[in-house]
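Engineer: The following block contains the structure, expressed as structure tokens.
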Amino acid sequence: MSRLALLGLILSVAVLVIVLSVVNGFEREMRERVLGVLPHISAEGYSGLSQQQVEDFIAAGPHAGLQALAPYVSGTALLVAGDVIQGALLTGVDTVRHGQVTDIPRYTSRQSLDSLQDTAYGIVVGRTLAQQLDVAVGDQLLVVLPVGAVTPAGAVPRQRRFTVVDVFASDSLLDGQQALVSLRSAQKLFRTGNRVHGVQGRLLDLFATETARMALYRGFGEEQVRVRSWMSTQGNLYQAIAVQKLTMFVLLSFLVAVAAFNLVSGLMMIVEQRKNDVAILRTLGSGTGAVMALFCALGLMLALGGVVIGLVVGSVLAASLPGVYSGLTSLFELNLMSQYFIGYLPVDIRSGDLLQVGAAALALSLFATLYPAWRASRLLPSQVLAHE
């Protein structure tokens, strides 16, 4: 019974570690990858902003709550390569400053957007978009805007042929949604002249959005710009991950509790087997507190062994999950993560969570040992030894 109780404790602790590590992995990727490639905050002018005004505002920094700022021009477009057409968000960026507000340049082959300056009308597309369009570096594609001039022959959409100069692979949904061009090319394509659509920024503190929002409103005027932060676009998803982690911890703690209370049956059998020894100890002068402490220590020793082994087993299995998932995906040609914001299984094993799981499991085990220990302390030597 003790071995079975120990096995149950090992399995429950290992399952709790694995689940928390996977949820931690999603939270980490949400913070570092998804929120890394997206600007944390943006101020969009209702009728655009003067590029000189934006440059003056950036030069007047630093601004409260903001780490970096960069102007942008953005709009939806159709990317055409051969007979394939894909919709995308086309963004014109400052090739130097954009790397300060997002991590997209890190995921290009040159780890920078300098290639946009080297080629007239160059474009950087996400890896998923490149695969869908079947284009590579050096190929050309047609960018078509949903606006254009009206001629006697009908509406003619605005279009321009661009050369693919690089491909970024962030392993997020952005790979299939966004394409980047230089700010000057975007201004010509969208015909904004010396104006930009707005400014994008990176926060010093991911959750200090209100401070940065007020700084942008003071700089451009609340009646001229609309400020949006990552909270409005990705906040619900981030909160859902945090709530899910807490929920899974609470629910799986009940599984640990069931395994811990299995120790009760094992300890009760030990009490029954060792009642003569307990009676002799009592006749030699041992108090009820000493007997209770003895059986509590025994239960904690069993629990400690199960918890430590469970933590080790759970950590090893959690660390191997990404490789196992990748192998199964390649073997069976499945893409189980296609509906998520990343295309792989993330795992993040945190020492703080291991300590919390271990402490919770030991606390539940200690609580479970109290009743058998109390029963042992209530044994009467006269009744136990009456027939010896």
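None of the figures in this text is laboratory data; all of them are computed from the coordinates on show. Keep in mind that what you see is a predicted model, and the values were worked out from it rather than measured. Glycine gets a Cβ as well: all are built from the backbone with ideal geometry, and neighbour counts include every protein chain shown.
Engineer: How much of the calculated P(r) for the stretch 1-147 lies past 26 Å, in percent of all Cα pairs?
Structural biologist: 46 percent
Engineer: Counting other beta carbons within 10 Å of each Cβ, put TRP230, TRP374 in order, fewest first.
Structural biologist: Numbers: TRP230 20, TRP374 15.
Taking fewest neighbouring Cβ atoms as first place, the list is TRP374, TRP230.
Engineer: Could you calculate the contour length gain from VAL80 to LEU7, that is, 0.36 nm times the residue separation minus the distance between their Cα atoms, to one decimal place in nm?
Structural biologist: 20.4 nm
Engineer: Mind grabbing the base-10 log of I(q)/I(0) for the stretch 56-213 at q = 0.12, 0.13, 0.16, 0.18 Å⁻¹? Debye formula, identical points on the C-alpha positions, no solvent, two decimal places.
Structural biologist: Normalising to I(0) and taking log10 leaves -0.54, -0.63, -0.90, -1.09.
Engineer: So what's the net charge close to TYR121: Lys and Arg +1, Asp and Glu -1, counting the other residues with Cβ under 11 Å from its Cβ?
Structural biologist: +4
Engineer: Same structure, new question: Would any residue of the stretch 36-54 have its amide N under 12 Å from a label point 7 Å out along Cα→Cβ of MET214? List them or say none.
Structural biologist: Output list for this probe position: empty.
Engineer: Using θ = phi - 60° and the Karplus curve 6.51 cos²θ - 1.76 cosθ + 1.60, what whole-Hz ³J(HN,Hα) does each residue of the stretch 289-300 get, with Gly and Pro shown as x?
Structural biologist: These are the phi-based 3J(HN,Hα) values: x, 5, 5, 4, 4, 4, 6, 5, 4, 5, x, 5 Hz.
Engineer: Another question, then. What span do the alpha-carbon atoms of the stretch 94-146 cover on each of the three principal axes, reported in whole Å from largest to smallest?
Structural biologist: Taking max minus min along each principal axis of the Cα atoms, the stretch 94-146 gives 29, 23, 21 Å.
Engineer: In nm, what is the difference between 0.36 nm times the number of residues separating TYR46 and GLN224 and their Cα-Cα distance?
Structural biologist: 63.5 nm
Engineer: How many percent of Cα pairs in the stretch 219-291 exceed 16 Å?
Structural biologist: So the portion of pairs separated by more than 16 Å is 74 percent.
Engineer: Per residue of the stretch 5-13, what does 6.51 cos²θ - 1.76 cosθ + 1.60 with θ = phi - 60° give for ³J(HN,Hα)? Whole Hz please, x for Gly and Pro, Karplus curve as stated.
Structural biologist: 4, 5, 5, x, 5, 4, 5, 5, 5
Engineer: Taking the chain as a Gaussian network, where each spring joins two C-alpha atoms under 10 Å apart, which residue of ARG160, ARG28, ARG127 fluctuates the most?
Structural biologist: ARG160
Engineer: Using square roots of five times the C-alpha gyration tensor eigenvalues, list the equivalent-ellipsoid semi-axes of the chain in whole Å, biggest first.
Structural biologist: In descending order the semi-axes read 64, 24, 14 Å.
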